[in-house]
1. Take LEU95, LEU44, LEU72 and order them by how many other Cβ atoms sit within 10 Å, fewest up front.
2. Any number yet on Rg/Rh for the stretch 34-88, C-alpha, Kirkwood?
3. Note down the net charge around SER25, summing +1 for each Lys or Arg and -1 for each Asp or Glu among other residues with Cβ under 15 Å from its Cβ.
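Values in this text are rule-based calculations from the coordinates and carry no lab data. None of the values given here were measured: they were computed from a predicted structure. Positions of Cβ are backbone-derived with ideal geometry, glycine not excepted, and every protein chain shown enters the neighbour counts.
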Amino acid sequence: MSNEQFQFLMRFLNRIADDGRLNTSHISLCFALVICWNDQKHTLPFKVSRKILMDYGKIGSISTYHICIKELISFGFIRYAPSYNSYWGTLVTILVEKGN
């Protein structure tokens, strides 16, 4: 991981730590997103699937997953472009600044 990628990650993690609206499900989903971002060589946007994010984030309920994704989008933590096609995958961009 380059210094620039590390700084990007730290800015994102600091945003998570500083936001009182987030609960443990949000945080575990954010870490699952970071794992996927890392697995895909730090590209933005990167592909994800609900199953993989739920597995990495230890989220057992599809309802909880959807609530957390919607809130992370509305809170400005991610940009989410669903494909509705399991072959293509959904594209996610991690945002380090609100409104990015």
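1. Taking fewest neighbouring Cβ atoms as first place, the list is LEU44, LEU95, LEU72.
2. Answer for the stretch 34-88: 0.94.
3. Cβ neighbours under 15 Å give a net charge of +1.
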